[in-house]
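The values are calculated or read from the model by the stated rules, or taken from the named source; none is laboratory data. Model, not experiment: these values are computed from the prediction. Glycine also receives a Cβ, built like all others from the backbone with ideal geometry; neighbour counts cover every protein chain displayed.
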Amino acid sequence: MSIFHSGFVALVGKPNVGKSTLVNALVGRPISITSSKPETTRRRVLGVIHGEGYQIVLVDTPGLAAGHTLLGKKLREMATSEGMEADMVAFVVDVTHYPTKEDRAAAEVFSKANCKKVLIANKVDVHDTAEKVLPYLEAYAALGDFGEVLPVSAQKGTNLDKFKALMIEALPEGVAYFPPESVHDLDKRTRVEELIREQVLRATRQEVPHAVAVRVEDMKPGDDNPDVTLIRAILYVERDSQRKILIGKKGEMLKKLGMEARPLLEQELGGRVFLELWVKVKEGWRDRPDWLRALGYE
Ligand SMILES: Nc1nc2c(ncn2[C@@H]2O[C@H](COP(=O)(O)OP(=O)(O)OP(=O)(O)O)[C@@H](O)[C@H]2O)c(=O)[nH]1
Ligand SMILES: [Mg+2]
């Protein structure tokens, strides 16, 4: 009987280094939302790579940051425990800049993981020669004992085959955790919420993206036309000023968000979608345990 290898590889690091973009590039589908705003990922997302004789389960984690809200604390705890429990840790850094205080803090946490570790230096496409990348690799490699150091570009696909080979090599013998058709572990409702939030992250600035949570209140086939899915979602914000920004002048922002999210939801659900978006203020939800639970951040 041939041997099967499988296991969990946690992608960890500070926010905005490209962990989710890497997961999407490796899986070959946009399963974890991305944006140029730090702290995009707020939940663990599993992405599955299927192959002959192996199955790699990628664990996308929230970026490790010094967030002062209860949500920030929960995300830190989640990312840390996912890293500690994985079969391999991929510590992701970004070579558009030299290591920051946040990189150092994250490296200190994850160098304690008791498993194989690699340093993945992402975004090498921003430099036009390999020589220019070298000093960044050296600076990041000095942050901890990360065994291999691999320069990659999630956006251009550079060295992702080598990254995959490193993961397969590190996987223990095991069983397939997911059936062949599964590429992620999120249910439909969560995917819908995440896709709507992705559009909010892209369209807003400063503190607004961080203060928004999305909840699908209702998702069902239309009464007259069962081929259409009716979705009613609420965008929760923390203050009335943020509510006004999300609605926009004459409701233009909300309309734009709906127009941008709808085709993505139709692609996700494989049919027509009627999307209704509402904005509500839930003061200080990021510091309220009951609301974090209700919003699925526990
Ligand atoms: N130039 C370049 N940009 C990249 C690359 N990979 C990711 N990015 C960009 O970096 C930004 C952050 O990407 P994400 O994948 O959301 O980063 P993340 O590490 O998951 O961030 P958090 O979820 O906030 O922790 C986005 O604007 C991406 O388009 C890359 O290989 N090259
Ligand atoms: Mg992310």
| task | Would you check if there is a residue in region 152-168 being small (Gly, Ala, Ser), modelled with pLDDT of 95 or more and surrounded by fewer than 16 Cβ atoms within 10 Å (Cβ to Cβ)? | result | yes
| query | If you check every pair at least six apart or on different chains, which have Cβ atoms under 9 Å apart with a residue in region 172-186 that is farther than 17 Å from residue 26 by Cα first and a residue that is at pLDDT below 95 and of a type in the set (A, V, I, L, M, F, W, C) second? | reply | 173/3
| What are the pairs, 6+ residues apart or on separate chains, where a residue within region 106-134 that is in contact (Cβ under 8 Å) with a residue 60 or more places away in the chain and assigned by TED's automatic domain parsing to the domain that holds residue 83 has its Cβ under 7 Å from a residue that is in a helix (DSSP H, G or I) and charged (D, E, K, R)? | none
| Mind checking whether some residue in region 113-132 is more than 16 Å from residue 166 (Cβ to Cβ), surrounded by fewer than 16 Cβ atoms within 10 Å (Cβ to Cβ) and touching a Pro at 6+ places or on another chain (Cβ under 8 Å)? | yes
| Within region 21-54, how many residues are closer than 23 Å to residue 81 by Cα, without any contact (Cβ under 8 Å) to a residue 40 or more places away in the chain and surrounded by fewer than 21 Cβ atoms within 10 Å (Cβ to Cβ)? | 2
| query | How many residues are crowded, with 18+ Cβ neighbours inside 10 Å and either more than 9 Å from ligand 1 (Cβ to nearest atom) or among the acidic types (Asp, Glu) (or both) when one looks only at region 1-11? | reply | 6
| note | Within region 25-47, restricting to residues that are under 19 Å from residue 96 (Cβ atoms) and either acidic (Asp, Glu) or not in a loop (DSSP other than H, G, I, E, B) (or both), the one that is nearest to ligand 1 (Cβ to nearest atom) is 39
| Does residue 90 count as under 19 Å from residue 6 (Cβ atoms), within 16 Å of ligand 2 (Cβ to nearest atom) and assigned by TED's automatic domain parsing to the domain that holds residue 9? | yes
| query | Does region 61-80 include one or more residues that are assigned to a strand (DSSP E or B) and either touching a Phe, Trp or Tyr at 6+ places or on another chain (Cβ under 6 Å) or closer than 24 Å to residue 294 by Cβ (or both)? | reply | no
| query | Would a scan of region 63-78 turn up a residue that is in contact with a Ser or Thr (Cβ under 9 Å, 6 or more places away or on another chain) and closer than 19 Å to residue 118 by Cα? | reply | yes
| task | For residues that are small (Gly, Ala, Ser) and within 13 Å of residue 195 (Cα to Cα), scanning just region 257-298, find the one that is nearest to the chain's Cα centre (by Cα). | result | 261
| request: Would you check which residues across region 142-172 are under 24 Å from the mean Cα position of the chain (by Cα) and part of a helix (DSSP H, G or I) and list them? | output: 160, 161, 162, 163, 164, 165, 166, 167, 168, 170
